[in-house]
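This report refers to the structure that appears directly beneath it.
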Amino acid sequence: MSKRINVRDLDVYYSDFLAVEGVSMTIEPRTVTAFIGPSGCGKSTFLRTLNRMHEVIPGARVRGEVLIDGDNLYAPGVDPVLVRRQVGMVFQRANPFPTMSIRDNVLAGVKLNSRRMPKSDQDSLVERSLRGANLWNEVKDRLQLPGSGLSGGQQQRLCIARAIAVSPDVLLMDEPCSALDPISTLAIEDLIEELKQDYTIVIVTHNMQQATRVSDKTAFFNIAGSGKPGRLIEYDDTATIFTKPSVQATEDYVSGRFG
Amino acid sequence: MTATTVADTETRAPRGPVPNALTSAQLPRFVELYTLAGALAVSAAVLAMTGFSIVGWLVLSAVLYLVSLGILSTVVENRRKATDRVVRGLVTIAFLLAVIPLVSTLVTVIIGGAPSLTWDFVTKTGGSVFDPSTLKVTIVQGAWQAVVGTLIITGVATLISVPIGILAAIYLVEYAQPQQWMARTVTFLVDVMTGIPSIVAGLFAFSLFTLLVGPKAFSGFSASVALSVLMIPIVVRSTEEMLKLVSSELREASFALGVTKFATIVRVVLPTAIAGIITGVMLAISRVIGETAPIFIAASFTSNFNANPFSGPMETLAVKAYADYKFPSQDIAASYQSAWGAALLLVLLVVILNLVARIIAKAFAPRGLR
Ligand SMILES: Nc1ncnc2c1ncn2[C@@H]1O[C@H](COP(=O)(O)OP(=O)(O)O)[C@@H](O)[C@H]1O
Ligand SMILES: [Mg+2]
């Protein structure tokens, strides 16, 4: 299920603007990796290149390689649709489909792709995904109601359920808790802890405590100044990054002295 | 509270508001109504001496009302309140001026058309009937051929324009890069097409079918083509705006599930925007259903029943109103009457269409957002 990600010397451009420069890292399977760094340093930009979601933005392009279990995402002839079926994504703001019920939202990845699936399989997939996202008990009696009627935290967990229903190998999360209250945040952190058994997880967060709580490894990104490209400054075990980082900028950032 | 203070407030209350630093003198509550009634009465009296006319009466009353209210308020209240009352009066008058043409048109059409709007008028085909036994020609007033013609011509035009318009909008919003020359050209042409005079569309369809079919190629279908030329840009424009409103987050959510672009557009983007798209289509239909000139040119007019859009002249309600008025039968009064009836019928049809559009848009609105 879970896969290893290898990034080799990756540059990301928005048209002519170099947003992220020279990132290389290896993300092991069945780990949680946290991306931290000040706003605008290219965390989201870099994250989106891991499942070719940046291509949705006109003018965005990359140079370099991203290997998922050895397969280069950017080799000629790679189908981004197949990539995204293996690398799922959860966004900063919960975005359940407003025209669909809770059940249909979970099944969205199946139904939108017109895959045939017997009703009993659908039911068990819905239950499995919602249980996986820790939401089953709260919504099991109102699966036919619209997803937009849930609370913010529930909506975000619904989006996670939707993402894991297509059984990806890697799950990317871009500040999934930034719009949530502490209780929902804890629920999602517990969930990440459980999902780690099966998935490779990459999470962008601005919350240092969250990074220390959920992640095994942490990557610190920074920019030299506005208009300059973002760079990967340091990448190491989370404990190392937060206790004895080898770069001064990292120490300043994690100890709250800047950023 | 002591008895004296209660007595105090009681004696003061009827005389006006309790004076404090924030109160000021005020005219009584309905002073505007009283002034208006006074202004109407005075100007009626003045005009009774010189010669009465409705327009003069209303204009004079309005001027009198504004002036006297202004003076009254300046004397009793203060400058600021006087300005407020006068400006409020001006704004109300402007609103009434804007509504007058609308109400007047509606009232005229209803008064003119109501007498002829019988069940027979709606369901009978108009024209002259020759009775061979009595050798008498009777003229029947009826609009059935025009009702059917309107529905067929507008319906066919809708069938042509809606797929083309929606697909073009999907191309512009979902597939074309904003700076691409093709997209810019299409957008530019659509904008130009929105401004095409309807008579030009009619001439276009007429000459097109004259070239294809031969002279006198009147048909409902060519009228539909003319109407499509007018409808397509409206449908493209409104659909485009609606698709742009669908947040890119929803598209991304779908892409991130490994859903193809086509499925994302058909299953996520369109359902989210469907209510607005339907409203746009209905507006486009309302816009063309009352067209006269292009249909007159392309489909001519007739009092024969013709439900085949591909051959022979066809009539719509708007054209019938025009033709009855311009080319009346021997019974001129009856023809005029039938013209009014057709006009009223058309207005009713547009009202019904708009109601249907609202209901459909409601039914399709995303669940949970209603
Ligand atoms: N759609 C876009 N078009 C152009 N530039 C962008 C776009 N999105 C982000 N950027 C630029 O890329 C840089 C990195 O942004 P982002 O990845 O969103 O940062 P982060 O997620 O770390 O806050 C910023 O300088 C930002 O202005
Ligand atoms: Mg970001």
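The values are calculated or read from the model by the stated rules, or taken from the named source; none is laboratory data. Bear in mind that the values here come from a model prediction, so they are computed numbers and not experimental data. Quick reminder, even Gly has a Cβ in these numbers, built from the backbone with ideal geometry, and neighbours come from all protein chains shown. We work out accessible area using only protein heavy atoms, side chains counted, and drop any ligands, DNA or RNA first. Shrake-Rupley method; radii C 1.70, N 1.55, O 1.52, S 1.80 Å.
Does B:I196 satisfy the criteria of being hydrophobic (A, V, I, L, M, F, W, C) and exposed (fewer than 15 other Cβ atoms within 10 Å of the Cβ)? In short, yes. The residue that is surrounded by the most Cβ atoms within 10 Å (Cβ to Cβ), counting only those in segment A:8-37 that are more than 7 Å from ligand 1 (Cβ to nearest atom) and small (G, A, S), is A:A34. Among residues belonging to segment A:155-180 that are among the polar types (S, T, N, Q) and surrounded by fewer than 22 Cβ atoms within 10 Å (Cβ to Cβ), point out the one that is farthest from the other protein chains (Cβ to nearest Cβ). Within segment A:155-180, the match that is farthest from the other protein chains (Cβ to nearest Cβ) is A:S178. Scanning segment A:60-80 for residues that are within 16 Å of ligand 1 (Cβ to nearest atom) and closer than 21 Å to B:S247 by Cα turns up at least one hit. Taking the criterion of being of a type in the set (S, T, Y) and either surrounded by fewer than 15 Cβ atoms within 10 Å (Cβ to Cβ) or within 26 Å of A:K3 (Cβ to Cβ) (or both), the residues of segment A:181-200 that qualify are A:Y199, A:T200.
Right, A:T243: more than 16 Å from ligand 2 (Cβ to nearest atom) and open to solvent by less than 50 Å² (accessible area, probe 1.4 Å) or not? So A:T243 does not fit the description; no. If I filter segment A:8-19 down to residues being touching a residue at least 24 places away in the same chain (Cβ under 8 Å) and of a type outside the set (F, W, Y), which single residue comes out as nearest to ligand 2 (Cβ to nearest atom)? If we take residues in segment A:8-19 being touching a residue at least 24 places away in the same chain (Cβ under 8 Å) and of a type outside the set (F, W, Y), then A:A19 is nearest to ligand 2 (Cβ to nearest atom). For segment A:77-126, taking the residues that are at the interface with another protein chain (Cβ under 8 Å from one of its Cβ atoms) and small (G, A, S), the one that is most open to solvent (accessible area, probe 1.4 Å) is identified as A:S114. Does segment A:194-228 hold any residues that are farther than 21 Å from A:R48 by Cα and without any contact (Cβ under 8 Å) to a residue 24 or more places away in the chain, and which are they? Scanning segment A:194-228 gives A:Q209, A:A224, A:G225. Against the numbered list (1) surrounded by 21 or more Cβ atoms within 10 Å (Cβ to Cβ); (2) out of contact with any Pro (no Cβ under 6 Å at 6 or more places or on another chain), B:A226 comes up short only at (2).
Looking at A:G40, is it near ligand 1 (Cβ under 10 Å from one of its atoms), more than 14 Å from every other protein chain (Cβ to nearest Cβ) and open to solvent by 20 Å² or more (accessible area, probe 1.4 Å)? Criteria met by A:G40. Within the option set A:I57, A:I5, A:I68, being open to solvent by less than 60 Å² (accessible area, probe 1.4 Å), within 14 Å of chain B (Cβ to nearest Cβ), away from ligand 2 (no atom under 16 Å from the Cβ) and β-branched (V, I, T) holds for one residue only, A:I68. One residue stands out in segment A:140-154 among those that are among the polar types (S, T, N, Q) and surrounded by 13 or more Cβ atoms within 10 Å (Cβ to Cβ): the one that is nearest to A:I102 (Cα to Cα), namely A:S148.
Looking at B:A183, B:A169, B:A253, B:A201, just one residue is in a helix (DSSP H, G or I), touching a Leu at 6+ places or on another chain (Cβ under 8 Å), open to solvent by less than 30 Å² (accessible area, probe 1.4 Å) and within 14 Å of chain A (Cβ to nearest Cβ), and that residue is B:A183. For segment A:178-235, a residue qualifies if it is part of a helix (DSSP H, G or I), within 16 Å of ligand 2 (Cβ to nearest atom) and within 14 Å of the chain's Cα centre (by Cα), and exactly one does: A:A211.
Once segment A:224-240 is narrowed to residues that are within 17 Å of A:S44 (Cβ to Cβ) and open to solvent by less than 50 Å² (accessible area, probe 1.4 Å), the residue that is nearest to ligand 1 (Cβ to nearest atom) is A:G230.
Within segment A:20-32, can one find any residue that is more than 14 Å from every other protein chain (Cβ to nearest Cβ), within 16 Å of ligand 2 (Cβ to nearest atom), touching a Lys or Arg at 6+ places or on another chain (Cβ under 9 Å) and at negative phi? Yes, some residue in segment A:20-32 is more than 14 Å from every other protein chain (Cβ to nearest Cβ), within 16 Å of ligand 2 (Cβ to nearest atom), touching a Lys or Arg at 6+ places or on another chain (Cβ under 9 Å) and at negative phi. When you check B:L96 against the structure, is it in a helix (DSSP H, G or I), under 22 Å from the mean Cα position of the chain (by Cα) and either at negative phi or exposed (fewer than 13 other Cβ atoms within 10 Å of the Cβ) (or both), yes or no? Yes: the conditions hold for B:L96. Checked against (1) of a type in the set (A, V, I, L, M); (2) in contact (Cβ under 8 Å) with a residue 40 or more places away in the chain; (3) under 30 Å from B:N306 (Cβ atoms), B:V213 meets all criteria but (2).
Can you name the residue in segment B:204-250 that is polar (S, T, N, Q) and within 14 Å of another protein chain (Cβ to nearest Cβ) and is also farthest from B:A293 (Cα to Cα) among such residues?
First, pick out the residues of segment B:204-250 that are polar (S, T, N, Q): B:207, B:210, B:219, B:222, B:224, B:228, B:238-239, B:247-248.
Filter once more, so that each one left must be within 14 Å of another protein chain (Cβ to nearest Cβ): B:247-248.
On the way: B:S247: 41, B:S248: 43 Å.
Out of the qualifying residues, it is B:S248.
Within this structure, B:F95 fails the test of being of a type in the set (A, V, I, L, M, F, W, C) and modelled with pLDDT under 90.
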